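The values are calculated or read from the model by the stated rules, or taken from the named source; none is laboratory data. Here the structure is a predicted model, which means the values were calculated and not measured. Every residue, glycine among them, receives a Cβ derived from its backbone with ideal geometry; neighbour counts consider all protein chains shown.
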Amino acid sequence: MLITLALMASFPLWAEHVGLYQYLGIEVAIWTLYALGYNLLMGYTGLPAFGQGAFLGVGAYVYGLCYLNWSQNPLLCLALGAVAGGVGAALVGALVAHRRGIYFALLTIACGQVFWFVAMKAHSITGGEDGLLNVRRPALAGLDLGDNVTLYYVVLAILALAIVALWRLVHSPFGKALQAIRMNESRARFVGYNVWLTKWAVIALSGVFAGLAGGLLAVSQESAYPDVMSVHSSGFIVMAVLIGGGTVSFWGPVLGALVFIVARDLLGAATETWLLWYGLLFMAVVLFQPEGIAGAFQHHRAKLLGRSRAAGPEQLPTEAENGSV
């Protein structure tokens, strides 16, 4: 954890020397927060949610509306965005928590599309396709968030707190319950877990982190748009988590967010069809290394240590507990 945060903290010092720009670090940090929150569903509970972008968008819109109409205190607006994301996810969770597998995935897509449709049509509130504009970066405790480096360190501080909270959460009895549900939902119910309530709670919690990330996205972009609520945008976070190896490691989403943002910029600079190549990369990972980058590292480390390890589902909780990169 300290190594990851130290590397991220040093980014502004060497970014421009390797041809990167400071705003890229802000995007990576926001997407890391978004991906870690989403991994509570995908990696730890085994819930294939494909409408997570709805809660990212809710957080962004609530932050923007709060800033434009109520208060220009960024911490208060971020808190409201996180709460709104959690409330939206809780409402969706009440509808989908009793389902699993493909039915759960399809219901999350449908619910996500409802949020997107409302954002597009409620023009008087959300601005419709034009989005919310003029959400200026405010000052925070004397810090000028208009400076990308300053904003980066503020986002990184929030990310650090979120990482500690998520780490404690997944290693708590609640985290063990999530892993039990992922391995076998019926057995988890038979041994006494309230499966529906646990699934509903983790959906709501993931919405809180998505809403917080959405609020930070609105700060960084100085606007909020409905595009982040679309199906393909929700698919990006799924791809990022799977490529990084979120199903086997706590740190997989960090790697996945980094790969997604960097690949988007590097491939996007080279060709307009960057999504094609990123999609091919995703297919290759799913076919040849389904445990992602983190899984590949763990297999390599096991070979170096001279240990043999099976890659079946029964070993996944141990891998998630390991949490090293």
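If you scan the stretch 92-116, which residues turn out to be farther than 16 Å from Pro226 by Cα and loosely packed, with under 15 Cβ neighbours inside 10 Å? Ala94, Leu95, His98, Gly101, Ile102, Tyr103, listed by residue number.
Scanning the stretch 102-126 for residues that are without any contact (Cβ under 8 Å) to a residue 24 or more places away in the chain and small (Gly, Ala, Ser) returns Ala122, Ser124.
Filter the stretch 244-288 down to residues that are in contact (Cβ under 8 Å) with a residue 40 or more places away in the chain and in a loop (DSSP other than H, G, I, E, B) and give me whichever is surrounded by the most Cβ atoms within 10 Å (Cβ to Cβ). The residue in question is Gly246. Within the stretch 104-156, restricting attention to residues that are out of contact with any helix residue (DSSP H, G or I) (no Cβ under 9 Å at 6 or more places or on another chain) and of a type in the set (S, T, N, Q), which residue is farthest from Ala60 (Cα to Cα)? Step by step, filter the stretch 104-156, then rank; the result is Thr150. Residues of the stretch 120-138 that are under 17 Å from Leu68 (Cα atoms) and in a helix (DSSP H, G or I): His123, Ser124, Ile125, Thr126, Gly128, Asp130.
Quick check, is Val238 modelled with pLDDT under 90, β-branched (Val, Ile, Thr) and surrounded by fewer than 23 Cβ atoms within 10 Å (Cβ to Cβ)? So Val238 does not fit the description; no.
Can we say Ala105 is under 18 Å from the mean Cα position of the chain (by Cα) and at pLDDT below 95? Judged against the criteria, Ala105 is a match. Of the residues making up the stretch 22-67, those that are in contact with a Gly (Cβ under 9 Å, 6 or more places away or on another chain), in contact (Cβ under 8 Å) with a residue 24 or more places away in the chain and closer than 23 Å to Ser124 by Cβ are Gly53, Ala54, Phe55, Leu56, Gly57, Val58, Gly59, Ala60, Tyr61, Val62, Tyr63, Gly64. Taken over the stretch 289-308, the criterion of being in a helix (DSSP H, G or I), more than 27 Å from Ala213 (Cβ to Cβ) and of a type in the set (A, V, I, L, M) is satisfied by Ala302, Leu304.
When the criteria are applied in full, Ala141 fails the requirement of being surrounded by 14 or more Cβ atoms within 10 Å (Cβ to Cβ), of a type outside the set (Phe, Trp, Tyr) and more than 28 Å from Val254 (Cα to Cα). Which residue out of Ala218, Ala157, Ala213, Ala224 is within 30 Å of Leu13 (Cβ to Cβ), in contact with a strand residue (DSSP E or B) (Cβ under 6 Å, 6 or more places away or on another chain) and not polar (S, T, N, Q)? Result of the check over Ala218, Ala157, Ala213, Ala224: Ala218. The set of residues in the stretch 101-142 that are within 22 Å of Trp200 (Cα to Cα) and among the hydrophobic types (A, V, I, L, M, F, W, C) comprises Ile102, Phe104, Ala105, Leu106, Leu107, Ile109, Ala110, Cys111, Val114, Phe115, Trp116.
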